[in-house]
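The values are calculated or read from the model by the stated rules, or taken from the named source; none is laboratory data. What you are looking at is a predicted structure, and each value in this text was computed from that prediction instead of being measured. Here Cβ is always computed from backbone atoms with ideal geometry, including for glycine, and neighbour counts include all displayed protein chains. To get the accessible areas, we keep the full protein, side chains included, count just its heavy atoms, and leave off ligands, DNA and RNA. Shrake-Rupley method; radii C 1.70, N 1.55, O 1.52, S 1.80 Å.
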Amino acid sequence: MRKSGMTRTLGLFVCAGSAAILPPSALAGPDPCDTPELAEPSLCGCGKAHMLRTRQAAGYTIDDARGFTPREALTDTDLISNDLDIEVFPSTERITGSNTMRVRSMVDGLTQFTFMLRSNFTITSATLNGVTPVTATSVGSYGRRVTLDRPYNAGEEFTLRVAYDGIAVSRGFGSIEFQTQNGWPVVATLSEAYFAATWWPTKDGDFGQPGDNSDKATLRFAITAPSDLRSVANGLLESALPVAGGKTKYTWVTNYPMATYLAAFCTTRYNTWTVPFNYTDANGNPASMPVEFNIYPNSDTASNRAAWEKSIPMLAVFGDLYGEYPFINEKYGIYQFPFGGGMEHQTNSGQGGFGESLTAHELGHQWWGDAITCRTWNDIWLNEGFATYSEALWEEFKPGSSGRTALHSAMSSRRPTNLGGSVYVYDASNMNRIFSSNYSYRKGAWVLHTLRKFVGEQQFFDILAEYRSRYEDSAATTDDFAQVVTDLTGRDMTDYFQAWVYQSGAPSFEYGLEETTINGQRYALVSIRQTAQTDWGLNGIFPSRLDVVASTSAGSASTSVLSAAPIVHAVVPIPAATTSIAIDPENWVLTDEKTLRTFVPGPPALVSISPAPNASVDAGPLTITAWFSEPVTLGPGSFVVLGPSGPVSATPTLLDGGRRLDFTLAAPEAGLHTVRLSGGGATTGITATRSGQALDGEFSESLPSGDGLPGGVSEWSFTVAGVCPADWDRSGGVDGDDIAAFFTDWQAGNADFDGSGGTDGDDIGAFFARWQVGC
């Protein structure tokens, strides 16, 4: 039961800071932020998770009776605008007013429209298109249905004005609260997730259902209350007019489409000030947007004002990272409200405190949550994970920051305390699960942090820009975001999101080290095995990009490897013997544990080649050399050399215990030559003698080759200069010295002048025929 007339604090702290898949495993232990007696405020995001627990612990009703509404599909109609006009009575907790909804049919033959208004309110009238009275019939626990005056086809519009009156009932975080602050009344709303209908009539999803936040509408919102109070809401103030009986009517207007749950107001005694946010517009001209602050008089201190005014440089930092503030033609605002933590009401965030991370979190939501909203409550991490990562990005990019050090410190403090659940919410009827600080907030932020390393710095922010471009003013699902990542990277990211978002857990890594010297260069050979339990991720695998750093007395060396298989390998050139080896030392990847174990031999990688890629070499006898990280065995399809006229015959020789492959071209044709070394089975390509695994061959510009996995082709090209073949000693002319040089090589078996694959008497004849012609 609601405890009428009591003054209380709803949050007991202020924060400092589509595939079909089986459901994830259950939670494996308490989340401190989700358990009031264990709560640590600095780790609890924007405070909603903790707020629910404290309200429950205090005996307040969070949920409501289930009674789902038989109705037309949410996508059958498009709510274009709301014109809401209410009067609030603080002493009696009563609300009276009306909302005029402008609605467009999205289907042919629409005959009914369902809106939401909790049953404690009486509908005093309902009018269709300004003239036709209609009856609103109760359906389910919140639903009200009207029968339209005729069938409406796709594209046709109607208006529905609903007048209502009643004593408010608060649910969820405190969807409509009547309180006091320092003797002054406070009337405040916080509708997330499904509770807008506890104080106003509008189109919304059913209570306890996943919903669809993609139908956004503009809002004109008038609030009438005693004249010694100020009413604040979304958008810009259109007017503040005196009303008979010692009252004032504040009218606020926002022309940006807005999800239903983001509409809000607060009526109380405020001190108000405004600071301009100066920026450069799209045309390169100086521009300014008001940032409005409304604070309780008793909280109005210089330090609190300064804390909230950090939102000004935050607007600039987030604008650089995410693009221009989404509601730049109206305002950003912060108003104090009677809840612990904060709420990202569009253009006007409610905050119960002054922590820097809290302010960054709510501002970050204006991009991620407001401009783009999670389409269903299953996908809430697209709101809360993004806003939590915004806290860390502010630490990284704010003026005077230590940069990456600050970023990693911020993410360390936001590490989930329990890894056993999924980021994706499978039970959208459970408010505590939707707003789990452990999974929706912190683990959701780590999905982005790990993704940033996975795709690379520039591409990560390009992904955010494309995501915003596609879904701004609408809503998105996890699969929508995953598709953006796939499209921009050119890589199918299904496995990444399946493992990190839809499934439970996080990876564990075992890594081993072996050192070797090849052709005078020392190398660290590293094996990395994922060892998470098999019911986590995708059969225990979480696609991750890992830095491998070898420290030595002469400095450190590093490489990066994609870990998307049970075991991968890395080859790191090092200047001296290793003193230590580290996997992902900066902790870009959320891990359960990392353990040093015995090295496991893997596939050979190509570590050195001659001629080098794109080199230009002289004509005449030419030896191509390739060095490998492991001793190798050659199968029939091990290598191909292509000259200007096609395949070139060459005889391979394995040296240095199988780590070195030589093949000689006695008289290569002038022009471009391409070498291909192929991995394959034991009889079809280059394989490691120890492990039997195929060559890890892929490379572009630098060596060692490979992606950490067996299989792949090493391919590079070089050019043979146009030197006369008879100028055997490369003196620049043809003379007797060439004959002597040729015979020296012929006697050594290195004078296959005719390209037959061997050195014999035919080569002598071919050479002299060309020598007599000269150059």
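Annotations
- Using every pair of separate Cα atoms, the Kirkwood estimate puts the hydrodynamic radius of segment 324-431 at 15.0 angstrom.
- A crude spin-label estimate for the pair residue 131 and residue 61, with each label 7 Å from Cα along the Cβ direction, gives 4.2 nm.
- Cα lying deepest toward the dipole's positive end in the chain, options 623, 708, 221, charges on Cβ: 221
- Estimated dipole of segment 222-296 in Debye, rounded to 20 [Cβ of Lys and Arg +1, of Asp and Glu -1, Cα centre]: 280 debye
- Label assignment, mean projected area of the Cα convex hull in nm² derived from the structure, set (1) 38.2; (2) 42.1; (3) 40.5: (2)
- In nm, spacing of pseudo-spin labels at residue 255 and residue 240 (7 Å Cα→C-beta vector): 2.3 nm
- Scanning residues 5 or more positions from residue 560 or on other chains, those with amide H under 5 Å from its amide H are 548, with H placed 1.01 Å from N in the peptide plane.
- For segment 525-596, the dipole from Cβ point charges (+1 on Lys and Arg, -1 on Asp and Glu) about the Cα centre works out to 200 debye, to the nearest 20.
- Accessible surface, per residue, of the chain when the full set of protein chains is kept, probe 1.4 Å, Å²: 36 Å²
- Leading residue at positive end of dipole, segment 207-321 (Cβ point charges), from 267, 279, 246: 246
- Loop trypsin sites (Lys or Arg not before Pro), segment 123-214 (other Cβ atoms within 10 Å of the site Cβ: 11 or fewer; DSSP): none
- Estimated [θ] at 222 nm from DSSP helical runs (n ≥ 4, -39500 (n - 2.57)) normalised by residues in the chain, nearest 500: -5500 deg cm²/dmol
- Geometric extent, Cα atoms of segment 493-579 - Rg, Dmax (angstrom): 15.2, 48
- For segment 510-617, the relative contact order works out to 30 percent when only alpha carbon pairs closer than 8 Å and six or more residues apart are counted.
- Near the amide H of residue 248, within less than 5 Å, lie the amide hydrogens of 225, 227, 243, all on another chain or at least 5 residues away, with H placed in the peptide plane.
- Of 48/310; 453/594; 203/310; 216/453; 443/594, pairs whose Cα-Cα distance is over 24 Å: 203/310; 216/453
- Based on the Stokes-Einstein relation at 4 °C and a viscosity of 1.567 mPa s, and on the Kirkwood radius from alpha carbon pairs, segment 368-491 is assigned a translational diffusion coefficient of 87 µm²/s.
- Spatial offset of segment 246-269 relative to segment 528-569 amounts to 51 Å, using the alpha carbon center of each.
- Dipole of segment 401-546 computed with +1 at Lys/Arg Cβ and -1 at Asp/Glu Cβ about the Cα centre; of 403, 509, 461, farthest Cα towards the positive end is 403.
- Computed in the context of the full set of protein chains, the accessible area of the chain at 1.4 Å probe radius has 49% of its extent on carbon or sulfur.
- 3J(HN,Hα) along segment 588-593: 6, 9, 6, 10, 7, 7 Hz, from the Karplus curve 6.51 cos²θ - 1.76 cosθ + 1.60 with θ = phi - 60°, whole Hz, x for Gly and Pro.
- Rounded to whole Hz, the Karplus (6.51, -1.76, 1.60) HN-Hα couplings of segment 564-578, x for glycine and proline: 9, 9, x, 9, 10, 10, 9, 10, 10, x, 10, x, 7, 4, 6
- Counting every pair of alpha carbons in segment 255-388, the share spaced more than 20 Å apart comes to 43 percent.
- Sparse-neighbour loop sites [GluC sites (Glu not before Pro); segment 633-708; at most 10 other C-beta within 10 Å; DSSP]: 701
- ³J(HN,Hα) computed for each position of segment 386-398 - Karplus, 6.51 cos²θ - 1.76 cosθ + 1.60, integer Hz, glycine/proline x: 5, 5, 5, 5, 4, 4, 5, 5, 4, 4, 6, 10, 5
- Spatial separation of Cα centroids for segment 109-133 and segment 712-775, in angstrom: 95 Å
- Remark: the chain carries a charge dipole of roughly 3740 debye about the Cα centre, counting +1 on each Lys and Arg Cβ and -1 on each Asp and Glu Cβ.
- Segment 262-356 - share of DSSP beta bridges that are antiparallel (%, nearest 5): 60 percent
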